[in-house]
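Peer 1: Got a structure for you, written out below as structure tokens; questions coming shortly.
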Amino acid sequence: MHNPQLNKHGELQHLLSLDGLNASIVRHILDTAQRFVGVSDRDVKKVPLLRGKSVFNLFFENSTRTRTTFEIAATRLSADVINLNIGVSSTSKGESLLDTIDNLAAMHADMFVVRHAQSGAPYLIAKHVDRLHGPEVHVINAGDGRHAHPTQGLLDAYTIRHYKRDFTNLTVAIVGDILHSRVARSDIHALQILGVPEIRVIGPRTLLPGGIEQMGVRVFHEMSAGLKGVDVIMMLRLQNERMKGALLPSAQEFFRSYGLTPEKLALAKPDAIVMHPGPMNRGIEIDSAVADGQQSVILPQVTFGIAIRMAVMSILAGN
Amino acid sequence: MHNPQLNKHGELQHLLSLDGLNASIVRHILDTAQRFVGVSDRDVKKVPLLRGKSVFNLFFENSTRTRTTFEIAATRLSADVINLNIGVSSTSKGESLLDTIDNLAAMHADMFVVRHAQSGAPYLIAKHVDRLHGPEVHVINAGDGRHAHPTQGLLDAYTIRHYKRDFTNLTVAIVGDILHSRVARSDIHALQILGVPEIRVIGPRTLLPGGIEQMGVRVFHEMSAGLKGVDVIMMLRLQNERMKGALLPSAQEFFRSYGLTPEKLALAKPDAIVMHPGPMNRGIEIDSAVADGQQSVILPQVTFGIAIRMAVMSILAGN
Amino acid sequence: MHNPQLNKHGELQHLLSLDGLNASIVRHILDTAQRFVGVSDRDVKKVPLLRGKSVFNLFFENSTRTRTTFEIAATRLSADVINLNIGVSSTSKGESLLDTIDNLAAMHADMFVVRHAQSGAPYLIAKHVDRLHGPEVHVINAGDGRHAHPTQGLLDAYTIRHYKRDFTNLTVAIVGDILHSRVARSDIHALQILGVPEIRVIGPRTLLPGGIEQMGVRVFHEMSAGLKGVDVIMMLRLQNERMKGALLPSAQEFFRSYGLTPEKLALAKPDAIVMHPGPMNRGIEIDSAVADGQQSVILPQVTFGIAIRMAVMSILAGN
């Protein structure tokens with residue numbers, strides 16, 4: 001089946017999901033990002049690769065943090081960035097999603113960065129853009145429903161490669177609310193593409209999707225067993241709305257069972273790294289002593305995230 | 001009487017309305033826009049004409065779409081753009097409109113793009129700016145109440161010229177809610193200035209202003225008669241609030257009588273073009289088969305709209 | 001005691017308060033601003049001093065006007081500016097203030113401009129940044145609670161120097177709601193540092209902080225006595241919420257006693273200047289005849305405010 005995010009030369013036309021991408025495309029993104037890490041360290045943090053391009057941040061779901069990372073990445077590539085908080089504009093005037101896209105494409109948009117509460121919305125947009133506006137317009141999925149958050153998966157892979165060098169001898173645990181997490185899904189795809197031999201998911205039954213073993217992961221319900229000997233611990237954010245719902249007894253209870261404390265961290269390898277996509281709920285999914293501890297690489301994740309987004313944007317614009 | 005939007009050399013100082021502009025000024029804007037159409041097609045979509053200028057988008061009435069077109073136009077001219085959503089700021093602190101303008105002018109604003117729910121607000125601002133802040137500061141009306149939306153009138157004229165070349169043998173129909181439409185008013189002025197011999201307005205009595213014939217247009221209440229043999233059909237947006245009010249029986253009823261369907265479109269000349277200022281209410285004022293059909297030039301209108309706004313901004317800044 | 005806003009060479013690392021700064025630092029800012037006043041008058045209002053730097057406007061308390069002045073100042077220095085309206089983003093997701101700062105610092109922020117309803121918040125941020133992110137990251141206080149608004153104090157000092165040349169023979173009156181005013185506090189510090197021999201505060205007992213005499217100012221409750229012979233009158237904004245509270249009988253009553261009218265202005269020296277930080281409540285703390293009169297320097301304050309903010313940003317970035 002044709003992968004809708006590749007062009008006819010098999011190059012990345014859109015970034016919608018890591019699912020179905022081959023290792024050489026993923027490695028090319030990581031390698032490109034590595035060159036951009038240096039740009040943000042410079043005195044003048046800009047390269048002219050996207051000069052005169054128009055990048056539209058289309059956030060149908062509010063996320064200042066993610067929007068900011070894309071805005072910074074685009075700005076450091078010298079693009080012109082337009083932020084559209086769509087919730088309060090055209091759609092409230094009854095205009096359809098695709099009419100909005102058509103209009104912005106008619107203004108010669110070069111790239112859409114799309115965050116949407118509905119899984120699949122960026123696919124719909126990419127398909128429409130391909131049909132009506134041609135190969136000059138690119139779509140990046142900045143998180144759609146529970147489905148995917150591919151730049152997060154890529155920045156997490158980048159971070160692991162930075163600290164562990166080789167993927168092919170690692171054991172990685174993903175902990176928490178797997179069920180509702182697009183981050184977990186994108187992380188699992190990234191790790192599998194890059195050859196991680198053992199991926200574990202750890203969480204209560206109510207927060208694990210049925211049949212997740214079929215994704216090729218090992219399922220654990222206890223931290224004591226799941227964290228034993230792992231090289232990488234990826235904590236997930238527990239959404240506030242879950243804590244109030246029927247899926248969980250209480251935040252305190254969750255922390256007792258699945259919150260990452262120094263004691264639980266000691267079960268992992270001594271040089272294990274701790275990751276979190278942010279924003280963190282300190283004292284719920286992670287203890288401050290761990291979040292701010294020596295094994296935490298949570299802030300480097302953010303730094304590498306800018307480089308990954310610069311890499312994806314420059315690769316798409318070049319294809 | 002002195003036209004408040006011209007300077008003492010008869011050049012455009014502000015763009016407040018098309019009413020009272022002569023054909024040579026309007027043609028100069030269209031010709032300038034024609035040169036800018038190419039800029040948005042380039043790889044680097046920027047020219048340095050407004051480099052270092054400060055353009056303020058003052059939207060006292062929310063309109064993401066229109067604001068975005070001005071932001072893109074200014075950015076492609078290399079201006080610095082500041083977006084002010086005034087509804088939520090100073091005026092809520094009790095500051096007067098003109099105090100806000102004075103403050104921004106004191107920050108060395110070069111251009112104000114003003115959208116306001118009250119007819120005449122941009123005139124008030126322009127007059128105040130002329131008196132206090134001198135000829136370096138320019139005002140563009142981006143839509144004021146029911147009064148005028150001159151850049152829309154200009155981009156519509158540009159679109160018609162693009163497809164029909166000559167204005168002096170055309171019959172143009174404007175359809176729908178003429179009463180509340182600043183777009184209709186600006187379109188009529190543009191078409192008359194450029195020599196269109198027959199302009200028709202079509203709509204129910206409740207949505208046509210009394211005495212509109214005095215603007216030099218022919219009035220029709222039936223699409224069957226009004227669309228016969230026309231070269232251009234300009235549909236207007238039906239505001240949601242009209243549909244709920246006493247002015248209309250229902251949206252379905254409106255569509256049946258005035259919605260542009262393929263059948264009604266067949267009454268016009270075979271090469272007639274269909275226009276709409278957006279955002280469209282599909283199934284209310286226009287059928288999707290027409291909106292997305294071969295005779296629709298709705299997306300080119302958007303594209304030309306960027307070029308028109310670049311033209312107006314660069315002409316004002318140069319005068 | 002170590003001043004937390006100075007680096008180990010005694011240079012300005014952050015601008016948090018004027019309290020504790022020496023006259024040579026303050027004069028250096030004013031002198032630098034003087035060179036920037038010319039930049040905003042140029043045809044191309046930009047200098048490349050902050051090119052490629054990322055400036056974050058962190059407004060935890062909404063203030064379009066102040067945010068705009070910092071945005072313009074940073075843009076004219078060629079910085080990339082990211083506006084974060086924090087009220088609606090991360091903090092609503094339960095992320096702590098310092099986690100937000102850590103994240104933005106990890107994106108290689110160069111400068112934070114912070115407005116916060118809580119006194120001391122910018123200090124907390126600066127201390128945290130110093131410890132975790134090193135000397136490359138700078139913090140500017142854009143107003144914190146009732147505590148300080150140092151760039152306002154500096155621009156007021158600049159304005160007085162512009163019109164009066166020498167500080168050491170001046171009598172300055174600050175009028176109105178001293179109790180809740182961070183502007184008043186920063187003005188008093190600026191004037192004392194620069195050697196103003198007599199600073200008066202004028203207001204009702206309910207709007208004067210107890211023990212304010214210990215700041216070295218003279219207290220007056222009547223305009224008739226307080227304005228006599230002064231060179232400079234600095235009016236303060238009366239917050240709407242004060243007018244509704246128990247602190248004041250009514251807005252009309254306040255205007256009668258403390259509103260600056262031409263009659264009261266006549267008590268000051270004939271060449272006295274009138275200042276106001278904006279936004280003004282005309283008819284409450286100031287009469288329009290005075291606000292728009294010959295002695296008013298309220299709009300020049302705004303103009304100089306851009307230059308002051310450019311000066312502070314460029315000095316911090318250079319240290």
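Peer 1: When you scan segment A:49-59, do you find a residue that is in contact with a His (Cβ under 8 Å, 6 or more places away or on another chain), within 11 Å of chain C (Cβ to nearest Cβ) and in contact (Cβ under 8 Å) with a residue 24 or more places away in the chain, even just one?
Peer 2: Scanning segment A:49-59 turns up no residue that is in contact with a His (Cβ under 8 Å, 6 or more places away or on another chain), within 11 Å of chain C (Cβ to nearest Cβ) and in contact (Cβ under 8 Å) with a residue 24 or more places away in the chain.
Peer 1: Still on this structure: Write out, first by first residue and then by second, each pair whose Cβ atoms fall under 7 Å of each other, whose residues are 6+ apart or on separate chains, and whose first residue, in segment C:221-250, is over 17 Å from C:I286 (Cα atoms) while the second is assigned to a helix (DSSP H, G or I) and modelled with pLDDT under 90.
Peer 2: none
Peer 1: Tally up the residues in segment B:184-199 that are touching a Phe, Trp or Tyr at 6+ places or on another chain (Cβ under 6 Å) and surrounded by fewer than 21 Cβ atoms within 10 Å (Cβ to Cβ), please.
Peer 2: The number of residues fulfilling the criteria is 2.
Peer 1: Return the residues of segment A:235-275 that are closer than 22 Å to A:Q152 by Cα and among the charged types (D, E, K, R); say none if nothing qualifies.
Peer 2: The answer is A:R237, A:E241, A:R242.
Peer 1: Being under 22 Å from C:G278 (Cβ atoms), among the polar types (S, T, N, Q) and assigned by TED's automatic domain parsing to the domain that holds C:L154, is that true of even one residue in segment C:215-233?
Peer 2: Scanning segment C:215-233 turns up no residue that is under 22 Å from C:G278 (Cβ atoms), among the polar types (S, T, N, Q) and assigned by TED's automatic domain parsing to the domain that holds C:L154.
Peer 1: Let me ask another. Suppose we filter segment C:13-24 for residues that are over 16 Å from the mean Cα position of the chain (by Cα) and surrounded by fewer than 22 Cβ atoms within 10 Å (Cβ to Cβ); how many remain?
Peer 2: The qualifying residues number 3.
Peer 1: Quick test of your reading of the structure: B:A121 fulfils all but one of (1) within 14 Å of chain C (Cβ to nearest Cβ); (2) closer than 30 Å to C:F59 by Cα. Name the failing condition by number.
Peer 2: Unmet condition: (1).
Peer 1: Further question on the same structure: For the list (1) more than 14 Å from chain B (Cβ to nearest Cβ); (2) more than 17 Å from A:A33 (Cβ to Cβ); (3) without any contact (Cβ under 8 Å) to a residue 24 or more places away in the chain, I need the number of the one condition that A:R165 fails.
Peer 2: (2)
Peer 1: In this structure, is A:I178 over 30 Å from B:R42 (Cβ atoms) and touching a helix residue (DSSP H, G or I) at 6+ places or on another chain (Cβ under 7 Å)? Full working, then the answer.
Peer 2: Numbers: over 30 Å from B:R42 (Cβ atoms): yes; touching a helix residue (DSSP H, G or I) at 6+ places or on another chain (Cβ under 7 Å): yes.
Yes, satisfied.
Peer 1: With the requirement that a residue be farther than 29 Å from B:V113 by Cβ and touching a residue at least 12 places away in the same chain (Cβ under 8 Å), what does segment B:285-319 give you?
Peer 2: B:D287, B:A289, B:V290, B:G293, B:Q295, listed by residue number.
Peer 1: Go through (1) more than 14 Å from chain C (Cβ to nearest Cβ); (2) within 20 Å of the chain's Cα centre (by Cα) and name the single condition B:D43 misses.
Peer 2: With respect to (1) more than 14 Å from chain C (Cβ to nearest Cβ); (2) within 20 Å of the chain's Cα centre (by Cα), B:D43 is out only on (2).
Peer 1: Which one is nearest to B:M280 (Cα to Cα), of the residues in segment B:30-40 that are away from every other protein chain (no Cβ under 11 Å) and in contact with a Ser or Thr (Cβ under 9 Å, 6 or more places away or on another chain)?
Peer 2: Restricting to residues being away from every other protein chain (no Cβ under 11 Å) and in contact with a Ser or Thr (Cβ under 9 Å, 6 or more places away or on another chain), the top hit is B:F36.
Peer 1: With respect to A:V47, determine if the residue is in contact with an Asp or Glu (Cβ under 8 Å, 6 or more places away or on another chain), within 22 Å of B:R76 (Cα to Cα) and not in a helix (DSSP H, G or I).
Peer 2: So A:V47 does not fit the description; no.
Let's see how each residue does on (1) within 14 Å of chain B (Cβ to nearest Cβ); (2) of a type outside the set (S, T, N, Q):
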{"residue": "C:N62", "(1), (2)": "yes, no"}
{"residue": "C:R65", "(1), (2)": "yes, yes"}
{"residue": "C:I82", "(1), (2)": "yes, yes"}
{"residue": "C:A106", "(1), (2)": "no, yes"}
{"residue": "C:R115", "(1), (2)": "yes, yes"}
{"residue": "C:I125", "(1), (2)": "no, yes"}
{"residue": "C:V137", "(1), (2)": "no, yes"}
{"residue": "C:L155", "(1), (2)": "yes, yes"}
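The values are calculated or read from the model by the stated rules, or taken from the named source; none is laboratory data. Everything numeric here is computed off the predicted structure, so don't read it as measured data. So basically every Cβ, Gly included, is an ideal-geometry build from the backbone, and we count neighbours across all protein chains shown.
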